[in-house]
Amino acid sequence: MSYEHGIGVNEAPTSIPTPAQSTEGVTVIFGTAPVNLAADPAHAANKLFLCRSFEEAKAALGYSEDYSKYTLCQAMDAFFKVFAVAPVVLCNVLDPSSATHKEAMTQTSATVTNDQAVLTEDGIIMSTLSFKDGNTDLVIDEDYTLAFNDAGKVVVTLLTTVATLTVAGYKLKPSGVTLAEVIGSIDANTDTYTGIQLVDKVYPELHVAPGAILAPGWSHNPSVGLALAAKCEQISGLFRTECIVDIDCGQTNAGALKYSDVETVKNNSGYADVHMIALWPEVKAAGKQFAYSAIFAAMMLNTDLNNGDIPTMSPSNKLLRINGTCLHDGTPVNLEQKQANELNGIGVVTAIYFGGYKSWGNNTAAYPSVSEDPKDRWIACRRFFSWWGNRFILTYASKVDDPTNYRMIQSIVDDENIFGNSLFSEGKVGGAKISYNQDDNPIESILAGKIKFKQFLAPYPPAEYIENVLEFDPSMLQTALGGE
């Protein structure tokens, strides 16, 4: 037995800060993950995971810093490490049981050192592995055990002596995932939802309303970006939200490689929805490259949390906690403010260095086609309206089917006006009031079981341009010099 006498030091891995938790709308993210490293790889595809910490997300879906293959991992990094905010809903579409999402390992033998062998390939699906000593099949837990090391490699620990260790099995093939699989489908016969279509199941399954939806690493493709936009209204037949999409910056030959090309790519992509926030280009943080949407979504939630969890603050001119912007191939992009402003003028949010790298842009992707209605032009206003509608539904759903009497109607009016006044007193909105009008509620509607309220909301638009006019005053100079 070990006998300790003296002095010693040990080290523990650096812990990830406990994320600040939102109780409002939750960000829903679609993509791919190294599910071979998950706690239950066989049940990690096309399933919604509500994650409140990095450890929870890692256990559910695995984690790798190869963000080009495993796109959900950059969102885990952005939310849990860069901004330390939560929760998020993660949905992986990489299915290890799919013949097109896996491929045979190329490694056929392994070197044994001190009764252990480390397999060199990434993405190995442990359940598919088989080993031989010459022509003799080895039996798991009798002849060997398996485990993943911190680098995601399979470690084989031999329990018996072998002469030659050969291996066969399968590994994940992220490149086998198609755009159609990310977009997903609904099978009416089996009521099975996959991909982005699963956003409709967020509330029924997890009992939270979506606050934003994105697919970093995928949304630069118009079919995926437009699929996200199509899901922004009538989610679960109830809710509204906004989607965050990336504009192609070199992922394909049709991408925008300079800022002056962005308008053409945006228009060709059809990115012009009022519920869409369009971003360009990609970003770098801590030596890793991210789709801008992953970082932006985390920053936006952080902005909300710093504002009492109420989405009235613009996500523009906020620190992104990055150290650069770039094209998809890593080429640096260093925008001047006037160039960034030109992107804002076509409904694109970008990033500039302004005492630190900051988000830059207030307009939804619908701008400039939609410019008159502040509700649909400004990101902050659009998000507030979606949030308020979702909050109203969740707050008063319990009153559905109550008797249509004065007490019920007045309770809704009073509660809403009290809440609106509280936000006004906190300086979060210019006003919010609700009324019940008899003219909007004829007896025919009452007898049909329908009542209608009318509510007015006034979120503050962003102070997008602040001008100070400077003028030389000769009289002040004359006074300073002692003249009459």
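Name the single residue that is least open to solvent (accessible area, probe 1.4 Å) among those in segment 148-161 being touching a Ser or Thr at 6+ places or on another chain (Cβ under 9 Å) and farther than 11 Å from Gln116 by Cα. The selected residue is Gly152.
Thr27 meets each of the listed conditions (1) hydroxyl-bearing (Ser, Thr, Tyr); (2) free of Cβ contacts under 8 Å to residues at least 40 places away in the same chain; (3) outside any loop (DSSP other than H, G, I, E, B) apart from (2). In segment 166-188, the residue that is farthest from Thr120 (Cα to Cα) out of those that are hydrophobic (A, V, I, L, M, F, W, C) and surrounded by 19 or more Cβ atoms within 10 Å (Cβ to Cβ) is Ile183. Evaluated against (1) part of a helix (DSSP H, G or I); (2) under 22 Å from Arg240 (Cα atoms); (3) of a type in the set (A, V, I, L, M, F, W, C), Ile434 falls short on exactly one condition, (1). Checked against (1) in a helix (DSSP H, G or I); (2) farther than 16 Å from Thr27 by Cα; (3) open to solvent by 10 Å² or more (accessible area, probe 1.4 Å), Ala229 meets all criteria but (2).
Looking only at segment 58-91, residues that are under 11 Å from the mean Cα position of the chain (by Cα) and either open to solvent by 30 Å² or more (accessible area, probe 1.4 Å) or over 15 Å from Ile295 (Cβ atoms) (or both) come to 5 in all. Residues satisfying the criterion are present in segment 117-137 (criterion: within 30 Å of Leu206 (Cβ to Cβ), open to solvent by less than 30 Å² (accessible area, probe 1.4 Å) and among the aliphatic types (A, V, I, L, M)). Being without any contact (Cβ under 8 Å) to a residue 40 or more places away in the chain and surrounded by fewer than 24 Cβ atoms within 10 Å (Cβ to Cβ) is the requirement here; does Gly255 meet it? No, not satisfied.
Condition check for Ala212 on (1) open to solvent by less than 30 Å² (accessible area, probe 1.4 Å); (2) within 30 Å of Asp304 (Cβ to Cβ); (3) out of contact with any helix residue (DSSP H, G or I) (no Cβ under 7 Å at 6 or more places or on another chain); (4) of a type outside the set (Asp, Glu): one failure, at (3).
Confirm whether Arg391 is in contact with a strand residue (DSSP E or B) (Cβ under 7 Å, 6 or more places away or on another chain) and either surrounded by 12 or more Cβ atoms within 10 Å (Cβ to Cβ) or modelled with pLDDT of 95 or more (or both). Give the derivation first.
Numbers: in contact with a strand residue (DSSP E or B) (Cβ under 7 Å, 6 or more places away or on another chain): no; either surrounded by 12 or more Cβ atoms within 10 Å (Cβ to Cβ) or modelled with pLDDT of 95 or more (or both): yes.
Taking the combined requirement at face value, the residue does not satisfy it.
Checking the stated criteria, Glu4 turns out to be farther than 27 Å from Asp246 by Cα and either among the charged types (D, E, K, R) or part of a strand (DSSP E or B) (or both).
Looking only at strands (runs of 3 or more DSSP E) that lie completely in segment 32-124, which have at least 1 residues being aromatic (Phe, Trp, Tyr)? Once the strands (runs of 3 or more DSSP E) in segment 32-124 are filtered for at least 1 residues that are aromatic (Phe, Trp, Tyr), what remains is 48-51.
The residues listed here are Phe30, Phe49, Phe54; of these, the one that is open to solvent by less than 10 Å² (accessible area, probe 1.4 Å), at pLDDT 95 or above and among the hydrophobic types (A, V, I, L, M, F, W, C) is Phe30.
How many residues does segment 399-418 contain that are open to solvent by 60 Å² or more (accessible area, probe 1.4 Å) and closer than 18 Å to Trp388 by Cβ? Spell out how you get there, then give the answer.
Here is the first cut: in segment 399-418, the residues open to solvent by 60 Å² or more (accessible area, probe 1.4 Å) are 400-407, 414-415, 418.
Checking which are closer than 18 Å to Trp388 by Cβ leaves us with 414-415, 418.
Counting residues in segment 399-418 that are open to solvent by 60 Å² or more (accessible area, probe 1.4 Å) and closer than 18 Å to Trp388 by Cβ gives 3.
Open to solvent by less than 30 Å² (accessible area, probe 1.4 Å), at pLDDT 95 or above and within 18 Å of His328 (Cβ to Cβ): is that true of Asp261 in this structure? For Asp261, the condition - open to solvent by less than 30 Å² (accessible area, probe 1.4 Å), at pLDDT 95 or above and within 18 Å of His328 (Cβ to Cβ) - is not met. Take Ser445 and decide whether it is part of a helix (DSSP H, G or I) and surrounded by 14 or more Cβ atoms within 10 Å (Cβ to Cβ). No, not satisfied.
Given Ser386, Ser435, Ser422, which one is of a type in the set (Ser, Thr, Tyr), surrounded by 12 or more Cβ atoms within 10 Å (Cβ to Cβ) and more than 28 Å from Ser236 (Cα to Cα)?
Going through Ser386, Ser435, Ser422 in turn, just one is of a type in the set (Ser, Thr, Tyr), surrounded by 12 or more Cβ atoms within 10 Å (Cβ to Cβ) and more than 28 Å from Ser236 (Cα to Cα): Ser422.
Ala215 meets each of the listed conditions (1) in contact with a Phe, Trp or Tyr (Cβ under 6 Å, 6 or more places away or on another chain); (2) more than 14 Å from Thr27 (Cβ to Cβ) apart from (2).
Table: residues versus (1) touching a helix residue (DSSP H, G or I) at 6+ places or on another chain (Cβ under 9 Å); (2) without any contact (Cβ under 8 Å) to a residue 40 or more places away in the chain; (3) within 23 Å of Ser98 (Cα to Cα); (4) not small (Gly, Ala, Ser).
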position: Gln116; (1), (2), (3), (4): no, no, no, yes
position: Glu121; (1), (2), (3), (4): no, no, yes, yes
position: Met126; (1), (2), (3), (4): yes, no, yes, yes
position: Leu129; (1), (2), (3), (4): no, no, yes, yes
position: Asp137; (1), (2), (3), (4): no, yes, no, yes
position: Tyr144; (1), (2), (3), (4): no, yes, no, yes
position: Asn149; (1), (2), (3), (4): no, yes, no, yes
position: Gly152; (1), (2), (3), (4): yes, no, yes, no
position: Thr157; (1), (2), (3), (4): no, no, no, yes
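Within segment 463-484, if we keep just the residues that are charged (D, E, K, R) and free of Cβ contacts under 8 Å to residues at least 12 places away in the same chain, the residue that is nearest to Val429 (Cα to Cα) turns out to be Glu467. Just one of (1) within 23 Å of Ala180 (Cβ to Cβ); (2) out of contact with any Pro (no Cβ under 9 Å at 6 or more places or on another chain); (3) surrounded by 22 or more Cβ atoms within 10 Å (Cβ to Cβ) fails for Glu242. It is (1). Scanning segment 181-210 for residues being in a helix (DSSP H, G or I) and among the polar types (S, T, N, Q) gives a total of 1. Each residue in segment 272-290 was checked for being hydrophobic (A, V, I, L, M, F, W, C), open to solvent by less than 10 Å² (accessible area, probe 1.4 Å) and either within 10 Å of the chain's Cα centre (by Cα) or closer than 25 Å to Val370 by Cβ (or both), and 5 pass.
The values are calculated or read from the model by the stated rules, or taken from the named source; none is laboratory data. Small disclaimer: the values here were computed from a predicted structure and weren't measured. Glycine gets a Cβ as well: all are built from the backbone with ideal geometry, and neighbour counts include every protein chain shown. Surface accessibility is based on the protein's heavy atoms, side chains included, excluding ligands, DNA and RNA. Shrake-Rupley method; radii C 1.70, N 1.55, O 1.52, S 1.80 Å.
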